[in-house]
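In what follows, a single structure is set out as structure tokens and then discussed.
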Amino acid sequence: MNPTPIHYVIVSAILFTTGIVGVLTRRNMLVVLMAIELMLNGANLAFVAFSRMHGQLDGQAVAIFVMTVAAAEAAIGLAIVVQIFRQRGTVRVDETTLLKG
Amino acid sequence: MMTALAFYILATLCVVMAVLTVTLANPVTCALSLIVCLMCLAGLFAQLAAGYVAILQVLVYAGAIMVLFLFVVMLLSLSEEETAEGKSGRTRLLKSLVCFAFLVDLYVFVDQSMGAREFAEVQQDFGSLAGLGEALFTRFLVPFEVISLLLTAAVVGVVAITRKPLALPQPAERSPSSR
């Protein structure tokens, strides 16, 4: 059975959900950032699949933008993680609750 | 036939590696399985006639971003205790179940809205660098420029965040005249 658009979109949905599970359940900030990358990639796959489905390039252009935003997000997020580790000696999400109120 | 086989292999490997990424304990193995997952995604992009996006995926994602991740993981050199996930198994199972319900929801929605859609017929050079470049520099010119601004802001922000705090004089050491 040849893959149709829905196959790719389902893979993208699975990737996105896996990313959400990672963000919700992991306590290591680095792994949480990786899970966010996973979510962005799931969205990217959906964009490219829809682009191919409609025969228009817009989806691929947006996918490139998403990639750029992901690079910026990873850089900023990792910088924050490094700085938190320097100041508090931990990268655990449940131990950095200063802003929780 | 070959396309279908390649799709199923790539998709399965991709999903398995994604699940490993969020379940394995060691951040280094997490990062490595995420790299494999991103490589498989690049293969899927290539199947979808998005050759340039696939190349960018390998270069930017699997190359630059994941090297950055691995670099930070090595730099922090976390202890065993630091990477341990604790035991709260029940809440984690509950969260995973909620996410699974969300996935089923997504599937039902997608299946109803585009169940039998087929791929459009496209020309041979669909997704080539020339066509994509033209789209980026005409219809998407404004977002393109905004993205460049965002990248600049990110670079400046990273430098500002990771810089060591300035050694401000302690209040006791200040001379009265400076207040």
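The values are calculated or read from the model by the stated rules, or taken from the named source; none is laboratory data. On a predicted model such as this, the values are computed, not experimentally measured, just so you know. For neighbour counting, all protein chains shown are included, and Cβ atoms are generated from backbone atoms with ideal geometry for every residue, glycine included.
Structure summary
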read-out	value
Yes/no for residue A:46 being within 8 Å of chain B (Cβ to nearest Cβ) and part of a helix (DSSP H, G or I)	no
Top-ranked residue of the range B:111-128 - restricted to ones that are charged (D, E, K, R) and in a loop (DSSP other than H, G, I, E, B), ranked as farthest from the other protein chains (Cβ to nearest Cβ)	B:125
Complete set of residues in the range B:130-179 that are modelled with pLDDT under 85 and either of a type in the set (Gly, Ala, Ser) or part of a helix (DSSP H, G or I) (or both)	B:167, B:171, B:172, B:173, B:175, B:176, B:177, B:178
Enumeration of residues in the range A:80-97 that are more than 7 Å from every other protein chain (Cβ to nearest Cβ), in contact (Cβ under 8 Å) with a residue 12 or more places away in the chain and either assigned to a helix (DSSP H, G or I) or among the acidic types (Asp, Glu) (or both)	A:84, A:93, A:94
Residue match in the range A:67-79 (condition: outside any helix (DSSP H, G or I) and crowded, with 18+ Cβ neighbours inside 10 Å)	no
Some residue of the range A:60-79 being farther than 22 Å from residue B:64 by Cα and hydrophobic (A, V, I, L, M, F, W, C)	no
Which listed residue is more than 21 Å from residue A:71 (Cα to Cα), within 10 Å of chain A (Cβ to nearest Cβ) and touching a helix residue (DSSP H, G or I) at 6+ places or on another chain (Cβ under 8 Å), from B:7, B:69	B:7
Close pairs (9 angstrom Cβ cut-off, 6 or more residues apart or separate chains): surrounded by 13 or more Cβ atoms within 10 Å (Cβ to Cβ) in the range B:145-162, of a type outside the set (A, V, I, L, M) anywhere	B:147/A:65; B:147/A:68; B:150/A:68; B:151/A:68; B:154/A:73; B:161/A:83; B:162/A:83; B:162/A:86
Single condition residue A:1 does not satisfy, out of (1) more than 26 Å from residue B:89 (Cα to Cα); (2) in a helix (DSSP H, G or I); (3) within 7 Å of chain B (Cβ to nearest Cβ); (4) over 12 Å from the mean Cα position of the chain (by Cα)	(2)
Every residue from the range A:59-68 that is more than 19 Å from residue B:70 (Cβ to Cβ), at the interface with another protein chain (Cβ under 7 Å from one of its Cβ atoms) and not aromatic (Phe, Trp, Tyr)	A:60, A:61, A:63, A:64, A:68
Single residue of A:28, A:41 found to be in contact with a Cys (Cβ under 9 Å, 6 or more places away or on another chain), among the polar types (S, T, N, Q), farther than 20 Å from residue B:154 by Cβ and crowded, with 21+ Cβ neighbours inside 10 Å	A:28
Enumeration of residues in the range B:1-40 that are touching a Ser or Thr at 6+ places or on another chain (Cβ under 7 Å) and in a loop (DSSP other than H, G, I, E, B)	B:24, B:25, B:26
